[in-house]
């Protein structure tokens, strides 16, 4: 099945709490290469 990696991220364009989006990317790695990538975003 391979290994998995998780990247959590946040994009902010001002100091206001409502001015941001958050997301996560889930990668599946096999033989040292990314073979599957999934991304999820939560907007405010």
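Read-outs: derived from the displayed coordinates by stated rules, not from any lab. Because the structure is a prediction, the values reported are computed rather than measured. FYI the Cβ positions are ideal-geometry reconstructions off the backbone, even for glycines, and counts take in every protein chain you see.
Within the range 1-10, take every residue that is exposed (fewer than 10 other Cβ atoms within 10 Å of the Cβ) and under 8 Å from the mean Cα position of the chain (by Cα) and give me the one that is farthest from residue 41 (Cα to Cα). That would be 6. Taking the range 11-37 as the range and being exposed (fewer than 10 other Cβ atoms within 10 Å of the Cβ) and either in contact (Cβ under 8 Å) with a residue 60 or more places away in the chain or part of a strand (DSSP E or B) (or both) as the test, only 33 passes.
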